[in-house]
1. Sort out which residues of region 372-384 are of a type in the set (Gly, Ala, Ser) and surrounded by 14 or more Cβ atoms within 10 Å (Cβ to Cβ), and write them in order of number.
2. Could you count how many residues in region 385-408 are surrounded by fewer than 19 Cβ atoms within 10 Å (Cβ to Cβ) and either without any contact (Cβ under 8 Å) to a residue 60 or more places away in the chain or assigned to a helix (DSSP H, G or I) (or both)?
3. Would you be able to tell me the number of residues in region 36-86 that are in a loop (DSSP other than H, G, I, E, B), touching a residue at least 60 places away in the same chain (Cβ under 8 Å), surrounded by fewer than 20 Cβ atoms within 10 Å (Cβ to Cβ) and in contact with a helix residue (DSSP H, G or I) (Cβ under 6 Å, 6 or more places away or on another chain)?
4. Conditions: (1) at pLDDT 95 or above; (2) in a loop (DSSP other than H, G, I, E, B); (3) of a type outside the set (Ser, Thr, Tyr). Residue 465 meets all but one. Number of the miss?
5. Residue under question is residue 175, and the condition is that it be acidic (Asp, Glu) and out of contact with any helix residue (DSSP H, G or I) (no Cβ under 9 Å at 6 or more places or on another chain); does it hold?
6. Only one of these is in a helix (DSSP H, G or I) and more than 16 Å from the ligand (Cβ to nearest atom): 491, 534. Name it.
7. Residue pairs, Cβ under 7 Å, 6 or more apart or interchain, first in region 221-246 and in contact (Cβ under 8 Å) with a residue 24 or more places away in the chain, second among the acidic types (Asp, Glu) and open to solvent by 40 Å² or more (accessible area, probe 1.4 Å). List them.
8. Mind checking whether some residue in region 432-448 is part of a helix (DSSP H, G or I) and under 30 Å from residue 544 (Cβ atoms)?
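The values are calculated or read from the model by the stated rules, or taken from the named source; none is laboratory data. Since we're looking at a predicted model, the values are computed, not measured. Glycine gets a Cβ as well: all are built from the backbone with ideal geometry, and neighbour counts include every protein chain shown. Just the protein is used for accessible areas: all its heavy atoms, side chains included, with ligands, DNA and RNA removed. Shrake-Rupley method; radii C 1.70, N 1.55, O 1.52, S 1.80 Å.
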Amino acid sequence: MRLTRLIPIAAVFLAAGAHAQAPGSSAEQTAPVPNPASIDSAADPCTDFYQYACGGWLASNTIPADRASWGTGEMLRERNRAVLRGILDHAADNGAQRSPIEQKIGDFYFSCMDEGTINARGYDSLKPELARIDALADKPAIREEMPRLHRQGVDVFFEFGSETDLKDSNQRIGEVDQGGLGLPDRDFYLNQDAKSEQIRKGYLDHVQKMMQLIGESPETAAASAKAVIAFETLLAKHSLDRASRRDPDKIYHKLPVTELAKLCPFIDWPAFFEAVGAPKMNSLNVDHPDFLSGLDAAIAATSVADLKAYLRWHLVHNQAVLLSQPFVDEDFAFYSRTLRGVRELGARWKRCVDSSDVALGDALGQKYVDATFGAEGKQRTLDMVHKIERQMSANLGALDWMTPATRKEALVKLEAIANRIGYPDKWRDYSTLHIARDDFAGNSTGAAQYAVARDLQKIGKPVDRAEWPFTTPTVNAGYAPDENSINFPAGILQPPLYSNQSDDAANYGAGGAIIGHEVTHAFDDEGRKFDAHGNLRDWWTKTDADEFQKRAQCLVDEYAKFEAVPGLHVNGTLTLGENTADLGGLRIAFLALMDVLKTRPSAAVNGYTAEQRFFLSYAQAWCQLQKPQMTSMMTGTDPHAPPRFRVNGVVQNMPEFRKAFSCSAGKPMVAGPACRIW
Ligand SMILES: [Zn+2]
C-alpha cells in the first residue's frame, strides 16, 4: 500500500533502532551553521570537499551501538523522538481529563511499554492464525486464507492496494504489484557473490529460529526455512529489478480484472478482491504482469506443506516486534545486526515512539505541531520555497539545450507544483479504531487493518489531494510525481537545516538545497515523464528528450565510478534521479542565495565568504557515519548515493564551487567535462 509514488530525500529506517544518549541538547541546536568544529582544515577542499567539510565531525563522532548510521538526519530524528516521548508520556498518564486523541496515543504507547504483559503473552496473539494455517488441507484452502492475511497487512505472495492512476491522476485505482519476499530486494536472492551467499545463509538460519520459536522442532524448522527460501527465490526470479522500477512506463499496465485470470489462474481474483474488502472494479494496474505468471508457476511447483510454511513465516515475521522478547531479539539479530551492522537493540521507549507514529501518525502529529512548529515556521519556509521556484523558472528560461515547445510545458509544470509545508490541513480520523491499554499486539494489528481498509476504500474514488505522504514528525522531504507536489513535514524543518538564527548562506545551503532538490525531481529522469497534473504523459519533443538523455548519461557514468565500499560501485542508473536532483537543487538554491545577497549582502564569517558558507552548509548536512554492512545493503536498494558522493559528486560539476574555493583545473573537485542537466 502506498499513498503516492513518493521520492524521499533520504531513505528512512525508523525501525533500525535508536541512539541511547540524551538527544536534542541545546549545544547541538545552537551550533553555528556551518560549524567550524566539523571542518578538517588539514584537508584540501579542492581535493576532497566532503573530507574538508566533515572531516572534523567524522573524527569526533562514533556510531551509537543501537544504530547503523549517525549524521544530521539521525540527530534530528533523536530530537523528535524526545519531543514525542514527552507528549506520549503525558498522554499515557491515565487521567480523567484526556481528550479522545490523547486516549488513543497514550494507551497505545502504554500498551507498547508494558513489557511485562507482552512477555507473559509470548506469541499468544498469533496462535489462532497459526491454527487456521495448520488446518489448511489443500491449495484451494490456501487460496481462501490469503485475503485474510492481506487484510491484516501480511502481504503474502504479492501486494495489493490502491494507487493514483498514473494516466488519470484524479483517480484512485487498484494495484497488484510484485512482493511476497522476506529479504529487502530480489537481488539478495539472485546475486552470486560471496557476501550475498553469506546473507542468504544468515536468512536461512533466521527463518529456522523463528519457526522454532513458534513451536517447530529443529528438524521441521530447518525444512520449513529451506522451503520458504526456495519459494521466495522463485518469486524473486520473476520480480523486476529496482533500477527498472524507477521507469514509470515499466510499471504501468492497466488491465481489465478479467485479464488477471490469464496471468495467474490459481487466484480467484474477483473473490480475492471481495474478501480483502476492495470495492468492485473493472480494471486495475498490474505493475509487472510477468510476476503474476511467475507466481502462478511457483505455486504450482510448490507443495501444500511448503506453502503453509511460507504463510507461517510471513505471519510471524510481520508481527515479530509485537511479541515477547525472544521474537524481538531474533528479528533484531538478522534484520538490524546482520543486514545493517547495528550492535544493540534500541531502548524500548524509542521503539514505542516509532510504533506510535506508524500506527497513529496523524493523531500524534497534531500534538507534535502544537509543541514545535506553529504557523510562523510554515510562512518562513514558504518564502524560501517561492524564491527557489522563481530561480528554477529563470533557469528554465535560459537553458540553451531546450526547444521553446518543451520549455513552455516545463514552465507550466513548475508553476503547478503544490507546495506542502509542515502539516496537513486535514488530519486523519481514528475515531473508529479501538485502542486498549493492555493489548499491544491487538492495537498494532488493529491499526494495520484500519490502514489497509482505508487504503482500499479509495479505489474508484477521486484522489484526495489533502492527504500527506509523511507523518508530521518525519525527518524527510519528498516529491510526488503523480500529484506534482513537494512535501516538507514539520519534522525536517529544524536547525541545522533551517533556523531563524542562521544566516542566508547557511539556510540556502542546507534547507534551500533540499527544497531545490525536491523541485528538481519534477524534472529528473522519472519526474519528467509526468505532466503538470501528475499524469504519465510524454510532453517532450524527441530532440529535447534526446538532449536530456545525453546529459543524464554524463551523471550515470560519473556516479558509476564511485566505490561505495571497496569493490562495490554505486549504481549510476538506480541513483540517477537523486543525483540529478542533488545537482539541480544545489544550483538553483545557489542562484536564489545570490539573488538574496543583492539586497542583503553578507560579510565573511570565520574567514568564509557567503559562497563558501553555502557549500559548507550543504556538505555538513550530509556528514554521516555508516556501518559497512548498511552501506552494502543500501547500495543495492537505495536510489540515493552514499553521503560522500552526494557532496563530492555534485560540487565537482559546479563552476560556482570552483570559483568559491579558487580550485584550479585538474583538481579532483573540478570535473572536466562537468555534467549539467538543469
Ligand atoms: Zn530525492
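1. Across region 372-384, the qualifying residue is only 377.
2. 12
3. 0
4. With respect to (1) at pLDDT 95 or above; (2) in a loop (DSSP other than H, G, I, E, B); (3) of a type outside the set (Ser, Thr, Tyr), residue 465 is out only on (1).
5. yes
6. Values: 534 fails: in a helix (DSSP H, G or I).
Going through 491, 534 in turn, just one is in a helix (DSSP H, G or I) and more than 16 Å from the ligand (Cβ to nearest atom): 491.
7. Filtered contacts from region 221-246: 227/306; 231/306; 238/290; 241/187.
8. No; the residues of region 432-448 include none that is part of a helix (DSSP H, G or I) and under 30 Å from residue 544 (Cβ atoms).
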